Amino acid sequence: MATNEGLWERAQRVSPGGVNSPVRAFRGVGGGTPYFVARGEGAHVFDVEGRRYLDYVQSYGASILGHAHPKVVEAARRAVGRGTTFGAPTPGEVELAEEICSRVEGCEEVRLVSSGTEAAMSAARLARGATGRDRVVVFAGCYHGHSDALLAGGGSGMATLGVPASAGVAKSAVADTLVVPYNQVPEVANDVAAVIVEPVAANMGLVPPAPGFLAGLREACTKVGAVLIFDEVITGFRVGRGGASALFGVQPDLWCFGKVMGGGFPLAGFGGRKELMEQLAPKGPIYQAGTLSGNPVATAAALATLSLLDEAAYEELASYAGRLGAGLAALAREAGLEVQVPVAGPLVGVFFGPGPVLDYEGARRSTESGLYAPLMKGLLERNVAIAPGAYEILFPSLAHGDKDLHETLDAFSEVAAKLAMTTN
Ligand SMILES: *Cc1c(COP(=O)(O)O)cnc(C)c1O
């Protein structure tokens, strides 16, 4: 029988670090053997040894219905039988674009791609091409995938020109990327092509936008003709039908979508106003393409997923997240642990220390406590899986129910008591 240990050994021989995306390797929680998932069902995943975990990773937000939802499985199965990729347009692409545009007010056209990385990279290119400017403003702690120009790190708490956030990113690739602190409206100069932001930051733990932040960005961009890009790869189709732009009543010029919208498949997209989007090839001069873009199996799964996401679904998600967040915060207080549990609609984060956390500096201070790793490991021992990285958040799905909530809180209460003993 396959074991986690056995697979982990084999994986490390043939894959760099044993994984295909770094956070999965457990290095962010002090190492250890990852569980290898054999299958998922609803709120749970089962590892290759048959152990069941209540899953809050949910593919980092790509699964909103829970795993293997019968309707999505059936839609994908039927699509596979009709052929998996053609290199010609398919009806599903049209239907999905219509569905997205009908949900997201102000988004008139979408181009489908295969990952959030591609969506953000292409949106930045479109903004640069459309404005004839090079400079892009990003916020420290936000993540927009791993394309060179957007993989820039910044100085502490100040606006700085980006430095490469990874080996292999040329200094020249981030020379036009300005990194500024989240939740402060920066001065946007008239050489700025785009300001790209996660409208709710969910890649430095969970940091909701301060009142006026998003509206301030809108105003600053409009003033100088810069393109405002909302990277809604996490928030899109999750924080509500129309995503964060609808929730906060601020419309960007371009949106990036991914995760939820792919129905669990490699599918993402970016969209915006017609006159901007039509500057893309083939109509316009800005090149962008993809062999598997708008893949028919992925669009079928995406349409099946979105068809289940109505107002009631969003209320249910937010209700679960609200109760989970309040429960965790109360238990931490009881245990005498200083923990912040920010909640934004269906999203839940965990920060250690006195809060509130407003930006990357604050998030980093929280991780310096070193308490996330024993929290994650303690929960995992109790069959509750949260992401193996302190900058990740919890993603309850529509498959999570009351029983799961109680199990989570029971497990957390035990772990919190243990953590409190080691810290006090
Ligand atoms: C996950 C994520 C991306 C990158 O998406 P991939 O599909 O992993 O390439 C981009 N932006 C945000 C906000 C994300 O959370």
Could you check E95 against (1) crowded, with 24+ Cβ neighbours inside 10 Å; (2) more than 15 Å from the ligand (Cβ to nearest atom) and say which number it fails? (1)
Out of (1) within 14 Å of the ligand (Cβ to nearest atom); (2) under 28 Å from R241 (Cα atoms); (3) surrounded by fewer than 19 Cβ atoms within 10 Å (Cβ to Cβ), what's the single condition that is false for T117? (3)
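If you check G205, G145, which single one turns out to be open to solvent by less than 10 Å² (accessible area, probe 1.4 Å), touching a strand residue (DSSP E or B) at 6+ places or on another chain (Cβ under 8 Å) and either at positive phi or at pLDDT 95 or above (or both)? Talk me through it step by step, then tell me what you get.
On the way: G145 fails: touching a strand residue (DSSP E or B) at 6+ places or on another chain (Cβ under 8 Å).
After ruling out the rest, the residue left standing is G205.
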Looking only at the range 232-244, count how many residues are open to solvent by 10 Å² or more (accessible area, probe 1.4 Å) and within 16 Å of the ligand (Cβ to nearest atom). 3
With the checklist (1) in a loop (DSSP other than H, G, I, E, B); (2) open to solvent by less than 20 Å² (accessible area, probe 1.4 Å) in hand, flag the one item G370 doesn't pass. (2)
Only one of these is under 21 Å from P252 (Cα atoms) and within 16 Å of the ligand (Cβ to nearest atom): V137, V185, V180. Name it. V137
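Got a sec? Which of R24, R13 is within 16 Å of the ligand (Cβ to nearest atom), in a helix (DSSP H, G or I) and either more than 29 Å from G243 (Cα to Cα) or open to solvent by 50 Å² or more (accessible area, probe 1.4 Å) (or both)?
Working: R13 fails: within 16 Å of the ligand (Cβ to nearest atom).
Going through R24, R13 in turn, the sole match is R24.
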When the range 389-424 is examined, which residues are found to be open to solvent by less than 30 Å² (accessible area, probe 1.4 Å), among the aliphatic types (A, V, I, L, M) and outside any helix (DSSP H, G or I)? A390, I393, L394
Collect the residues in the range 50-78 that are under 23 Å from the mean Cα position of the chain (by Cα) and part of a loop (DSSP other than H, G, I, E, B), keeping them in residue-number order. Y56, V57, A62, S63, I64, L65, G66, A68, H69
Please determine whether any residue of the range 276-287 is away from the ligand (no atom under 16 Å from the Cβ) and assigned to a helix (DSSP H, G or I). yes
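The values are calculated or read from the model by the stated rules, or taken from the named source; none is laboratory data. Please read all numbers here as calculations on a predicted model, not as lab measurements. Cβ atoms come from the backbone with ideal geometry, glycine included; neighbour counts cover every protein chain shown. What goes into the accessible areas is simple: the full protein's heavy atoms, side chains included, and nothing from ligands, DNA or RNA. Shrake-Rupley method; radii C 1.70, N 1.55, O 1.52, S 1.80 Å.
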